[in-house]
Amino acid sequence: MQGIRTITLDLDDTLWPISPVIIRAEQGLYEWLQEHYPRITSRYSGRDLLQQRLDVAAEFPDKSHDFTFMRREVLARVAEAVGYGTDYVDDAMEVFMAHRNDVEMFPEVRPALEQLGRRYRVVAVTNGNASLERIGIRELFDGVVSASTAGAAKPAQRIFDAAVEIGGADAHETLHVGDHPECDVDGANNAGLRTAWVNRAGAEWPDHLQRPDVIVRDIGELLALLGKDH
């Protein structure tokens, strides 16, 4: 872990658990649609809306990394299919995003980020559409790279290259930290970054992938491993 100048960090399931967040967001949006646009929910179940997103992803493979685009497209399509206009899409997305950014960070995350930020440049790298401003932690990051802004999702090298550029150090001086073996670790390894796998569940490392430089249980353990002195 010597020579690290930049830390790039995955967000969902690395800094907070994402499954309960998305479940609440989907449910909150569906209930809002039931109240304000009932013809949509009379025709489409939650499962139907998921299938619509899969259809949109198949139709627009060059946009499949952009979750916001896909949700907006689905909302427009289902509205038109039942005789509504599409002016409501912004309001519907606001409902979804309010829930989507109501996250509960793992307890060690904020103090660890504060300490990391005093010693390294810290860049968020996410395939999702979380808003660090809404969550209230944007000041803890020097930059943010998302799949939608980079034009590619992890594990593509393009998104890691963008993160390295923002971080200002060379790839071999950049440590990528994330929970996903393929998207985070394998992608970053292939892009020339150093890697830390956050393995909160004590899972086995997939044998077919190159191992990360380090394996930690959480961000606090990573901070301890990096040491107190830069």
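Here are some notes:
- Odd one out for VAL125, checked against (1) more than 28 Å from GLY3 (Cα to Cα); (2) assigned by TED's automatic domain parsing to the domain that holds GLY143: (1)
- Of all residue pairs spaced 6 or more apart or on separate chains, those with beta-carbon atoms under 8 Å, a first member in region 46-71 that is in the same structural domain as TRP32 (by TED's automatic domain parsing) and a second member that is surrounded by fewer than 16 Cβ atoms within 10 Å (Cβ to Cβ) and not in a helix (DSSP H, G or I) are HIS65/GLY151; PHE69/PHE60; MET70/PHE60.
- Single residue of region 58-84 satisfying the filter (under 19 Å from ASN127 (Cβ atoms) and β-branched (Val, Ile, Thr)) that is surrounded by the fewest Cβ atoms within 10 Å (Cβ to Cβ): THR68
- 3 or more residues under 22 Å from the mean Cα position of the chain (by Cα): qualifying helices (runs of 4 or more DSSP H) within region 9-60: 19-36, 46-59
- Qualifying position, being in contact (Cβ under 8 Å) with a residue 12 or more places away in the chain and either over 17 Å from ASP13 (Cα atoms) or outside any helix (DSSP H, G or I) (or both), among ALA112, ALA92: ALA92
- Remark: pairs (first residue in region 141-153, under 27 Å from GLN115 (Cα atoms); second residue of a type in the set (Lys, Arg) and part of a strand (DSSP E or B); Cβ separation under 7 Å; 6+ apart in sequence or on different chains) = ASP142/ARG121.
- Residues satisfying the criterion are present in region 172-182 (criterion: surrounded by fewer than 19 Cβ atoms within 10 Å (Cβ to Cβ) and either closer than 28 Å to PHE96 by Cα or among the β-branched types (Val, Ile, Thr) (or both)).
- Taken across region 212-220, residues that are within 20 Å of the chain's Cα centre (by Cα), in contact (Cβ under 8 Å) with a residue 60 or more places away in the chain and part of a strand (DSSP E or B) do not occur at all.
The values are calculated or read from the model by the stated rules, or taken from the named source; none is laboratory data. Just so it is clear, the structure is predicted and the values come from calculations on it, not from any experiment. Neighbour counts are summed over all protein chains in view; Cβ atoms, including those assigned to glycine, are modelled from backbone coordinates with ideal geometry.
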